[in-house]
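Let me begin by presenting the structure, written as structure tokens, before commenting on it.
What follows draws every value from the coordinates through simple rules; no lab data is involved. Remember, it's a predicted structure, so these values are computed and weren't measured experimentally. We place every Cβ from the backbone using ideal geometry, glycine too, and count neighbours over all the protein chains shown.
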């Protein structure tokens, strides 16, 4: 997915972005590899697991559920179901059921929320019984979506949205009302995620990648944006860090990480129309632990692990095929995922 020119974004919001210190060292070992797990035409993102352990999968403008064994089941296909344009990246998320701050409601159990980047920008809500409706209108083109599970953003949905030369960060409550956290962020897109409380001084912050610069940003509830880490990986449009996800509690040898490898014809990294998988034992051998952040590049799924306490360290731990075109979130199985 292409991004804004970094120089333009930083010029527009120089007062909002402050470096968080020198970049951490990136290691050179490569003990793990993403492998093809399940062919899915047009796959662009995964979310979950949902109740019962299945993932939501966005592919070719439609939704599926996927079991841990990889069985795909069409979802939201009947009257009033979900369908969207094939071109833009309609990333998805699953919200929690905690009461949203400042309201008397919570998000519906089992609901999936999908970005609507094309046409009239917004967010679509898909209920557990497969009914889709427009949930919120957005003042810009959405580039990322996630749910706040920690409460630092009030248990809202969080969306990044491109507005001219900057990126807005928006919070959406359970009534569909949109609140602006900042209108002056740098380019941010892809698999944005909220850090768990254990993630050092960045616990509870929104973490968002920038493929053009290779940076990972942390957005605080007051709208402050800081550089969390510099990936040290190749960067640029359709190349740099795009996907992210936090390793859940209980992650172990029977767990795994999953990532969409989207088919993108005429691209340097054309993708394979597959869901990729990184087995838990390989990640554990690479030193990955619950609470760590995994971030992967769009080109070849080169993957780093970021561990934060009072400071952050970055290590290069895995890659996909040279043709891999990674998109969206990194999802996990594991107790508490």
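Given the options 192, 145, 124, which has the most mean-square fluctuation in a GNM of the chain, springs set between C-alpha atoms less than 10 angstrom apart? Highest fluctuation of the listed residues: 124. Figure legend: label point modelled 7 angstrom from the Cα of residue 67 along Cα→Cβ; residues of the range 218-255 with amide N under 20 Å from it are 254-255. Note on the chain: GNM, Cα springs under 10 Å; of 249, 209, 142, the largest mean-square fluctuation is that of 249.
Remark on the range 202-337: ratio of C-alpha radius of gyration to 2.2 N^0.38 Å is 1.01.
As a proxy for reagent exposure, 188, 66 were ordered by neighbouring Cβ count within 10 angstrom, fewest first; the result is 66, 188. Largest GNM mean-square fluctuation among 308, 105, 174, using the chain with Cα springs under 10 Å: 105. Considering the range 40-90 at the alpha-carbon level, its Rg and Dmax are found to be 10.8, 31 Å. Dividing the summed helix terms, -39500 (n - 2.57) for each DSSP H run of n ≥ 4, by the number of residues in the chain produces a 222 nm estimate of -1000 deg cm²/dmol to the nearest 500. Spin-label pair residue 311-residue 60: with each label point 7 Å from Cα along the Cα-Cβ axis, the two points sit 5.0 nm from one another.
The relative contact order of the range 6-333, computed from alpha carbon pairs under 8 Å that lie at least 6 residues apart in sequence, is 20 percent. In the range 109-194, one over the average inverse separation of all distinct C-alpha pairs is 12.9 Å, which is the Kirkwood hydrodynamic radius.
Here the range 168-259 is described by how far its Cα atoms reach on the three principal axes: 40, 32, 25 Å, from widest to narrowest. Averaging Cα coordinates gives a centre for the range 108-130 and one for the range 195-254; these two points are 24 Å apart. Put in order of Cβ neighbour count within 10 Å, fewest first, the listed residues 309, 84 become 309, 84.
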